[in-house]
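Participant: Below is the structure I would like to discuss, written out as structure tokens.
The values are calculated or read from the model by the stated rules, or taken from the named source; none is laboratory data. Quick caveat: nothing in here was measured; it's all calculated off a predicted structure. Glycine also receives a Cβ, built like all others from the backbone with ideal geometry; neighbour counts cover every protein chain displayed. For accessibility, only protein heavy atoms count, side chains too; no ligands or nucleic acids. Shrake-Rupley method; radii C 1.70, N 1.55, O 1.52, S 1.80 Å.
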There are 2 protein chains.
Amino acid sequence: MMDHSTELVSVPVGIAYTPYDAPSDAPHQGFADDAEAEIQIFDEYADALGGIENTIRITVVYWANLADRTEIVSGDGIGAFARRSPNRPNPLSICACTLLEVDSATLRVRGLDAVDGSKVLDIKPALQTER
Amino acid sequence: MMDHSTELVSVPVGIAYTPYDAPSDAPHQGFADDAEAEIQIFDEYADALGGIENTIRITVVYWANLADRTEIVSGDGIGAFARRSPNRPNPLSICACTLLEVDSATLRVRGLDAVDGSKVLDIKPALQTER
């Protein structure tokens, strides 16, 4: 019998500093707002940024800490997997944004829809299809 | 002092069944291969699929179980955050693919680059920019 109770553990690799203090302040998607934000990568992961300065668009994965993980279906009857709301079983948010500047382990970006202080889990160069 | 040792726990919401038995079999990105795959969502999350049948492109987040989480910089000197390799501190893989059919809690998709048996963490409708 398949065990699907397994827990998969992520570690924060950095923190996002954004103008959005609460989920209601954040745009529904990053590209709906041109505000700038910073991502500070922790020292132990700083080397993982090597070469990122050649990238214009990055895909940021962050943990939407304030999400309601029990909301499987929203009030309008739409399931969590059929909408982009942070409320979902695993509060993994994905946002493609523009990389403006790399200063040591700090990234200055435009278009990140995370709430201030969100834990960043991953950064990838955005695929053409994600930009 | 900031505590960044926090562990963030995800739960599998389903399993991906694909033609790729090993990472070396999988295409570098899903769109490089037209093979079909199935995602079986666990019963307790099946309601989260409500409305997804209206979606053509979905973004799948899955756990790349075989990834090397210690590889911060690859052999060619490029950092984990500047490449799409599954080897990264958090093995969270993102793949936009085409939703062909929804049959109860099973999704038939095209273009999923996951290894067979990968644990699925999330599904979102793909943004125009991710398609």
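Participant: For residue A:110 and residue B:66, what does the FRET efficiency come to when R0 = 22 Å and r is the distance between their Cβ atoms, rounded to the nearest 0.05?
Facilitator: Plugging the Cβ-Cβ distance into 1/(1 + (r/R0)^6) gives 0.05.
Participant: So for the range A:51-131, taking the charge dipole from beta-carbon charges (+1 Lys/Arg, -1 Asp/Glu), which of A:79, A:125, A:92 sits furthest toward the positive end?
Facilitator: Farthest towards the positive end: A:79.
Participant: Taking Rh as the Kirkwood radius, which is the inverse of the mean 1/r over Cα pairs, what is the Rg/Rh value for the range B:36-76?
Facilitator: Ratio value, two decimals: 1.15.
Participant: Per residue, how many Å² of accessible area does chain A show with a 1.4 Å probe?
Facilitator: On a per-residue basis, chain A sits at 44 Å².
Participant: For chain A, what is the convex hull volume of the alpha-carbon atoms per residue, in Å³?
Facilitator: 138 Å³
Participant: Next question. Please compute the Kirkwood hydrodynamic radius over the range B:56-112, one decimal place, Å, based on all pairs of different Cα atoms.
Facilitator: One decimal place: 12.9 Å for the Kirkwood radius.
Participant: Could you work out the mean count of beta carbons from other protein chains within 10 Å of each residue's beta carbon in B:89-96?
Facilitator: Neighbouring Cβ atoms belonging to other protein chains average 6 per residue here.
Participant: If each label sits 7 angstrom from Cα along the C-beta direction, how far apart, in nm, is residue B:22 from its counterparts in the other copies?
Facilitator: Between copies, matching label points for residue B:22 lie 5.4 nm apart.
Participant: Same structure again: At a probe of 1.4 Å, how much accessible area disappears from chains B and A on forming the pair, both sides counted, to the nearest 100 Å²?
Facilitator: 5200 Å²
Participant: Additional query: Take peptide B:110-121, look around each residue's Cβ out to 10 angstrom, count Cβ atoms belonging to other protein chains, and average those counts.
Facilitator: 1
Participant: Still on this model: How large is ³J(HN,Hα) for each residue in the range A:43-49, as worked out from phi by the Karplus curve 6.51 cos²θ - 1.76 cosθ + 1.60 (θ = phi - 60°), to whole Hz, x for Gly and Pro?
Facilitator: 3, 5, 10, 4, 5, 5, 7
Participant: Something else: Ignoring ligands, DNA and RNA, please state the percent of accessible area on the range B:6-131 from carbon and sulfur, probe 1.4 Å.
Facilitator: Carbon and sulfur atoms account for 45 percent of the accessible area of the range B:6-131.
Participant: Turning to a different aspect of this structure: Dividing the Cα radius of gyration by the Kirkwood radius, what Rg/Rh value follows for the protein assembly as shown? List each step's numbers first, then the result.
Facilitator: Numbers: Rg = 17.2 Å, Rh = 18.4 Å.
Across the protein assembly as shown, the Cα-based Rg/Rh ratio is 0.94.
Participant: What is the mean number of Cβ atoms from other protein chains located within 10 Å of the Cβ atom of each residue in peptide A:71-79, rounded to a whole number?
Facilitator: 4
Participant: By accessible area of protein heavy atoms, probe 1.4 Å, what ranking do B:71, A:44 get, highest first?
Facilitator: Details: B:71 50, A:44 100 Å².
Heavy-atom accessible area, descending, gives A:44, B:71.
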